[in-house]
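Reading through the structure tokens given below for one structure.
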Amino acid sequence: MADIFERLLKNYGPLGQYRERAHGYFAFPKLEGDISSRMKFRGKDVIVWSLNNYLGLANHPEVRKADADGAQQYGLAYPMGARMMSGNSNLHEQLEAELAAFEQKEDAALLNYGYQGMVSIIDVLCSRHDVIVYDAESHACIIDGLRLHPGHRYVFKHNDVEDCEKQLERATALIEKQGAGGILVITEGVFGMAGDQGKLKEIAALKDKYQFRLLVDDAHGFGTLGKTGAGAGEEQGVQHKIDLYFSTFAKSMASIGAFVAGDRKIIDYIRYNIRSQIFAKSLPMPLVIGNLKRLELLRNHPEYKEKLWSNARKLQEGLKSRGFDIGTTDSVVTPVYMKGDVPEATAMVMDFGRKLWHFRFNCSLPGNTERPHYLQAYPFYCSY
């Protein structure tokens with residue numbers, strides 16, 4: 001019999017094998033000072049490219065005050081218990097109602113975390129007879145949700161609508177053969193690694209030919225795309241065709257938590273069946289109060305989004321003019337592609353570090369060979 005731990009110690013994984021050189025440098029770095037585009041790293045001032053603070057709300061004085069007031073009034077323990085048991089409040093329901101209205105949906109359900117929430121949403125929606133069709137470059141939270149799915153799943157090439165239709169044909173044929181089940185299509189509003197928007201308009205148009213429901217993870221589009229900031233669905237004019245709209249508070253709102261929005265009856269079903277919320281403590285009140293303030297600022301200050309886009313365009317145009325490959329991004333996410341494998345990328349990051357630049361390093365998952373390894377620069381400019 002093999003010792004599980006012994007097997008793990010023989011293979012630390014594609015990134016873990018570089019842990020001794022990486023830890024504390026480009027993996028698990030310790031940044032100090034106020035959250036900003038410039039912080040201290042190992043005692044030196046550095047430019048930071050990888051903060052999830054799109055709109056500059058992390059240190060906004062009104063946000064800091066709301067966070068502090070919420071903590072002072074309620075502490076981190078209140079409300080105590082899961083939402084269904086003893087962890088509900090008027091403010092939780094107010095945040096859900098405001099998110100639903102902002103996303104032009106009937107209702108919304110709060111989730112403690114985006115990653116955990118997406119995994120559990122897939123689990124609560126799909127039975128063993130259902131078929132999931134999903135984009136090949138879906139985020140890890142979607143992939144992990146798919147791993148829990150007991151039924152069939154078909155992947156289509158990234159943003160390839162023709163291949164998506166081919167997988168819909170396969171899914172439809174399978175369901176007709178087995179005489180049970182339905183189809184869920186999952187894609188993203190903005191793909192966080194490459195920065196390109198999902199083909200929401202084109203995929204939604206396939207509803208004219210195929211019967212399926214559409215779930216969109218719009219973590220990077222929420223607050224950054226669309227006339228009001230409602231996301232990629234609004235940007236592409238198909239928000240009404242998205243059956244379930246999902247996003248996190250961790251990007252534009254620089255906070256913790258997430259939500260899913262859609263038709264009231266479906267959201268109510270999710271609310272009463274989603275295991276990650278039924279069996280977990282409710283989102284603490286200071287986070288709810290802070291997120292209400294963040295949403296208010298997001299709605300009422302379009303200039304924050306405009307400033308973000310102005311900075312992102314300058315960054316992208318500057319990189320392209322200097323010969324850098326930034327792919328096909330049409331969002332504020334700005335990747336920079338470099339040729340090479342993990343060792344070359346590691347050496348490059350270390351070299352950048354000596355020049356006082358701090359990059360976020362990303363590696364593609366096994367099987368994704370389109371752009372195997374690259375450095376990715378998230379927008380670091382904020383609106384302050």
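Look through segment 167-222, keep the residues that are over 25 Å from the mean Cα position of the chain (by Cα) and on the phi > 0 side of the Ramachandran plot, and return whichever of them is surrounded by the fewest Cβ atoms within 10 Å (Cβ to Cβ). Looking at the filtered set, the residue picked out is GLY179. Here LYS30, LYS40, LYS44 are screened, and the one residue that is among the basic types (Lys, Arg), touching a Gly at 6+ places or on another chain (Cβ under 9 Å) and exposed (fewer than 13 other Cβ atoms within 10 Å of the Cβ) is LYS30. Report the residue count in segment 1-60 for those that are among the small types (Gly, Ala, Ser) and closer than 28 Å to GLY229 by Cα. Selection size over segment 1-60: 5.
For segment 320-339, the candidate set comprises residues that are part of a loop (DSSP other than H, G, I, E, B) and hydroxyl-bearing (Ser, Thr, Tyr); within that set, the residue that is modelled with the lowest pLDDT is THR328.
Scanning segment 4-15 finds one or more residues that are surrounded by 13 or more Cβ atoms within 10 Å (Cβ to Cβ), in contact with a helix residue (DSSP H, G or I) (Cβ under 9 Å, 6 or more places away or on another chain) and not hydroxyl-bearing (Ser, Thr, Tyr). Evaluation of VAL119 against the conditions (1) closer than 17 Å to GLY257 by Cα; (2) surrounded by fewer than 19 Cβ atoms within 10 Å (Cβ to Cβ) shows that the sole unmet condition is (2).
The residue pairs whose first member lies in segment 119-134 and is outside any loop (DSSP other than H, G, I, E, B), whose second member is modelled with pLDDT of 95 or more and polar (S, T, N, Q), and whose beta carbons are closer than 6 Å, counting only pairs six or more residues apart or on different chains, are VAL124/ASN273; VAL133/GLN167.
Each row is one residue, and each column tells you yes or no for (1) in contact (Cβ under 8 Å) with a residue 24 or more places away in the chain; (2) crowded, with 17+ Cβ neighbours inside 10 Å; (3) not assigned by TED's automatic domain parsing to the domain that holds VAL260.
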| residue | (1), (2), (3) |
| --- | --- |
| ASP34 | yes, no, yes |
| VAL48 | yes, yes, yes |
| LEU51 | yes, yes, yes |
| ALA68 | no, no, no |
| ARG83 | yes, yes, no |
| GLU93 | no, no, no |
| ALA97 | no, no, no |
| ALA100 | yes, yes, no |
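Scanning segment 271-326 for residues that are among the polar types (S, T, N, Q) and touching a residue at least 40 places away in the same chain (Cβ under 8 Å) returns ASN273, SER276, GLN277, SER282, ASN291, ASN311. Just checking, does segment 260-273 include any residue being in contact with a strand residue (DSSP E or B) (Cβ under 7 Å, 6 or more places away or on another chain), β-branched (Val, Ile, Thr), surrounded by 14 or more Cβ atoms within 10 Å (Cβ to Cβ) and outside any helix (DSSP H, G or I)? There is at least one residue in segment 260-273 that is in contact with a strand residue (DSSP E or B) (Cβ under 7 Å, 6 or more places away or on another chain), β-branched (Val, Ile, Thr), surrounded by 14 or more Cβ atoms within 10 Å (Cβ to Cβ) and outside any helix (DSSP H, G or I).
The values are calculated or read from the model by the stated rules, or taken from the named source; none is laboratory data. In this text the structure is predicted, and so the values were computed from the model without any measurement. Neighbour counts are summed over all protein chains in view; Cβ atoms, including those assigned to glycine, are modelled from backbone coordinates with ideal geometry.
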